[in-house]
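For reference, the structure is listed below as structure tokens.
The values are calculated or read from the model by the stated rules, or taken from the named source; none is laboratory data. It should be emphasised that the depicted structure is a prediction, and the values quoted were computed from it without experimental measurement. Here the Cβ positions follow ideal geometry from the backbone for every residue, glycine too, while neighbour counts run over all protein chains shown. Surface accessibility is based on the protein's heavy atoms, side chains included, excluding ligands, DNA and RNA. Shrake-Rupley method; radii C 1.70, N 1.55, O 1.52, S 1.80 Å.
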Amino acid sequence: MAMNQHSAFVMKDQNTSIIEDTYLLAALLTFDPSIKYYPMRDSSGRVSFEVYGKISDQMRRFYDGEPAPVSSYISNLKALRSAIFALKSTFRR
């Protein structure tokens, strides 16, 4: 049986994480809009986000099911998807 090598969240060190799940990052940004991130593309063309700073409190809030404004979540999700589209389109030329 083949294992899925895709992981939604990887911690590089205490202050840097890699998040491949756009929906998860949008939720974290909803809880804390000051989170800094950088989109990056791997050799297979997949886009992930390098996230800077400690995000454990935001992760806890997300997994505890804390309510958050849907409009903020959707806005964050649109911004992340736009970043993905822009990054992918720059490599297609």
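Given H placed 1.01 Å from N in the peptide plane, which residues other than close sequence neighbours of T16 have an amide H under 5 Å from its amide H?
Those lying under 5 Å, H to H, from T16 are G53.
Per-residue ellipticity at 222 nm for the chain, helices alone: DSSP H runs ≥ 4 residues times -39500 (n - 2.57), over residue total, nearest 500 deg cm²/dmol?
Value at 222 nm, helices only, nearest 500: -13500 deg cm²/dmol.
Using a Förster distance of 22 Å, how high is the FRET efficiency between S75 and K12, based on the Cβ-Cβ distance and rounded to 0.05? Write out the running numbers ahead of the final one.
Values: r = 27 Å, r/R0 = 1.23.
Given R0 = 22 Å and the Cβ-Cβ separation, E is 0.20.
Where in the chain are the DSSP H helices whose C-alpha atoms run 27 Å or more along the long axis and whose mean Kyte hydropathy is at least 0.0?
70-91
Of the accessible area of the chain, with the probe set at 1.4 angstrom, what percent is carbon plus sulfur?
54 percent
Starting from the Cα of A83, move 7 Å in the Cα-to-Cβ direction to define the label point; list residues of region 10-28 whose amide nitrogen is under 18 Å from there.
Output list for this probe position: 10-13, 15-28.
Please list, by residue number, everything in region 47-70 whose backbone N is under 15 Å from a paramagnetic label point 7 Å out along Cα→Cβ of K36.
What the label zone holds, given the 15 Å backbone N cut-off, is 50-55.
Given [x] 17, 51, 26, 6, 0; [y] 15, 47, 30, 8, 0; [z] 20, 50, 23, 7, 1 as candidate values of P(r) over Cα pairs in 10 Å bins from 0, in percent, which corresponds to the one derived from the coordinates?
Of the listed options [x] 17, 51, 26, 6, 0; [y] 15, 47, 30, 8, 0; [z] 20, 50, 23, 7, 1, [y] comes from this structure.
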